[in-house]
Amino acid sequence: MKRRKFNQLAALGAAGTMISPLAFAAASPAELKASDFGKDFKWGTATAAYQIEGAHDADGKGPSVWDTFSHKKGKILDKTNGDVACDHYNRYPEDIALLKEMNFQVNRFSISWSRILPDGNGKVNQAGIDHYHKVIDKCLEIGVEPWITLYHWDLPQALEDKGGWANREVIDWFSNYVDICTKEFGGKVKNWMIFNEPTAFVGLGYLMGLHAPGHKSLKKFYKATHHVCMCQAEGGRITRRNVKDAFIGTTFSCSHIEPWRPGKDDKAVKRLDAILNRLFIEPLLGMGYPTDGWKSLKNVEKQMQPGDAEKLTFDFDFIGLQNYFRIKAKKSLFPPLIWANQVQPTKWLDKSELTDMGWEVSPEGLYKVLKQFNKYGLKNIIVTENGAAFPDKLENGRVHDPRRTQFYKDYLSNVLRAKKEGVNITGYFCWTLMDNFEWAEGYHPRFGLIHIDFETQKRTIKDTGLWFKEFLANK
Ligand code: FCB
């Protein structure tokens with residue numbers, strides 16, 4: 001059985017809701033120019049520590065939930081793990097140089113919490129600190145801006161053993177970790193993101209059991225949701241306090257959602273929208289949890305303690321939006337936990353182009369979701385992830401990936417369209433710099449601008465990377 005993250009995420013909102021993607025006709029202008037986005041527009045690539053670093057137990061690093069989860073039987077589709085991955089821990093100078101060669105200016109990467117604090121809390125591992133100083137210094141030396149994500153899903157296992165995100169003490173653990181990182185690196189790094197996609201790591205990790213740490217519990221989901229919302233705002237406050245002239249954001253996954261049958265499935269749309277798009281941003285903006293969309297979210301509200309309401313808010317400088325597919329919602333009688341492993345929405349597709357993840361290519365979906373989030377009146381929106389996996393082949397030293405190039409052209413056209421209509425989008429980061437360990441899918445989906453031969457660790461810039469090199473040469 002193939003598991004697709006689309007299904008997994010979709011299933012999250014599937015209590016009484018069925019979903020499926022569908023095609024958008026994507027109009028792409030004849031020629032797209034980087035200069036159309038403006039001189040100050042930030043162009044970058046994004047990565048996550050566990051997906052690329054490898055060196056899973058090097059230099060005092062403690063295990064994370066992903067080290068544990070990926071070694072359990074039946075959790076990773078191709079039975080692999082991130083022990084070695086792209087060996088970026090050792091090869092970061094070459095990788096950052098390749099990013100620069102493609103004319104990107106931003107290196108968005110994440111810090112592995114258990115390299116800094118092997119037990120999650122307590123003793124600091126100096127070798128972990130030193131490592132990230134070297135990565136940052138390499139970026140600065142060659143003129144690349146380091147943008148740090150503090151948490152991209154790899155909670156220290158020692159903290160999971162104490163209840164992880166479902167234990168309210170995580171607010172203290174996370175605050176301590178953020179305090180250490182921002183004090184340590186804040187003199188050199190000005191651009192920070194607190195979380196990567198809370199909907200994904202809380203939903204898939206605590207409710208669906210498909211990502212680390214693998215829980216299937218509504219109770220844990222409600223608790224973890226509230227604690228993550230508290231940490232999101234607290235992380236912002238700590239970063240503001242510790243880093244002079246910081247530019248601080250946090251990121252959210254988002255999908256445009258339409259009714260399968262207009263008029264009949266509107267409630268299903270509302271529910272999915274509450275879970276997939278609104279759940280983590282609205283409390284941050286002082287709007288509370290979106291219980292009007294899904295009544296069960298009152299159970300998240302129940303986790304609140306006196307004083308929490310104010311602490312949930314923080315005025316971020318930017319919000320990172322990440323988009324991979326759109327959704328068609330349909331009313332269903334199945335409860336979400338049954339859905340998790342049974343739904344194959346891609347089977348219902350006919351005309352749409354699908355990526356190697358089984359995700360529909362729908363460039364206009366990004367435009368629509370940018371317009372939707374613009375209604376919140378955010379200061380800055382940055383597309384902090386967007387990209388596609390296709391079955392690439394290395395042939396005679398080249399990777400011809402025309403579908404990916406077209407994908408980026410079409411999506412970028414829609415970013416530009418939203419920007420021209422007044423959405424304040426100030427940057428775009430590709431997912432991802434190089435092929436890597438795609439979580440529960442393993443190494444099969446290749447999302448990179450750089451091809452990795454996982455046997456030899458040889459790096460080859462794909463044709464799309466060469467396209468970006470030319471495109472970005474004329475900013
Ligand atoms: C996003 C994750 C990223 C990667 C892409 C394909 O949801 O943030 O790590 O897995 O999907």
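The values are calculated or read from the model by the stated rules, or taken from the named source; none is laboratory data. In this text the structure is predicted, and so the values were computed from the model without any measurement. Reconstructed Cβ throughout: ideal geometry from the backbone, glycine too, with neighbour counts over all protein chains shown. Just so you know, the surface numbers come from the protein's heavy atoms only, side chains and all, with ligands and any DNA or RNA stripped out. Shrake-Rupley method; radii C 1.70, N 1.55, O 1.52, S 1.80 Å.
Here are some notes:
- Residue within the range 264-287 that is more than 24 Å from N374 (Cα to Cα) and surrounded by fewer than 21 Cβ atoms within 10 Å (Cβ to Cβ) present: yes
- Cβ-Cβ under 7 Å pairs, at least 6 apart or on other chains, the range 108-128 side under 29 Å from G320 (Cα atoms), far side outside any loop (DSSP other than H, G, I, E, B) and of a type in the set (K, R): G128/R115
- Scanning the range 452-465 for residues that are open to solvent by 10 Å² or more (accessible area, probe 1.4 Å) and in contact with a Leu (Cβ under 9 Å, 6 or more places away or on another chain) turns up D453, K458, R459, T460, I461.
- Condition check for K409: open to solvent by 50 Å² or more (accessible area, probe 1.4 Å), more than 15 Å from the ligand (Cβ to nearest atom), in contact (Cβ under 8 Å) with a residue 40 or more places away in the chain and basic (K, R): yes
- Enumeration of residues in the range 313-326 that are open to solvent by less than 10 Å² (accessible area, probe 1.4 Å) and away from the ligand (no atom under 12 Å from the Cβ): F318, I319, R326
- Single residue of the range 41-77 satisfying the filter (over 19 Å from the mean Cα position of the chain (by Cα) and among the charged types (D, E, K, R)) that is farthest from the ligand (Cβ to nearest atom): D59
- Subset of the range 58-84 [charged (D, E, K, R) and without any contact (Cβ under 8 Å) to a residue 24 or more places away in the chain]: K73
- Residues of the range 234-282 classified as farther than 25 Å from K295 by Cα and in contact with a helix residue (DSSP H, G or I) (Cβ under 6 Å, 6 or more places away or on another chain), total: 9
- Long-range neighbours under 6 Å by Cβ, at least six apart or interchain, first residue farther than 17 Å from G365 by Cα and within 9 Å of the ligand (Cβ to nearest atom) within the range 375-392, second open to solvent by 10 Å² or more (accessible area, probe 1.4 Å) and among the charged types (D, E, K, R): A389/D356; A389/R446
- Qualifying positions in the range 451-466 - assigned to a helix (DSSP H, G or I) and more than 19 Å from G427 (Cβ to Cβ): D463, L466
- The set of residues from the range 398-426 being more than 18 Å from Y324 (Cβ to Cβ) and either in contact with a Lys or Arg (Cβ under 6 Å, 6 or more places away or on another chain) or of a type outside the set (S, T, Y) (or both) comprises R398, V399, H400, P402, L416, R417, K419, K420, E421, G422, V423, N424.
- Helices (runs of 4 or more DSSP H) fully within the range 2-120 counting 3 or more residues that are at pLDDT below 95: 5-12
- Odd one out for G209 among (1) assigned to a helix (DSSP H, G or I); (2) closer than 23 Å to F69 by Cα; (3) of a type outside the set (A, V, I, L, M, F, W, C): (1)
- All positions within the range 298-334 that are modelled with pLDDT under 95 and outside any loop (DSSP other than H, G, I, E, B): I327, K328, A329, K330, K331
- Whichever residue in the range 53-86 is β-branched (V, I, T) and under 26 Å from Q126 (Cα atoms) and, among such residues, is most open to solvent (accessible area, probe 1.4 Å): V84
- Odd one out for D350, checked against (1) part of a loop (DSSP other than H, G, I, E, B); (2) at pLDDT 95 or above; (3) not small (G, A, S): (2)
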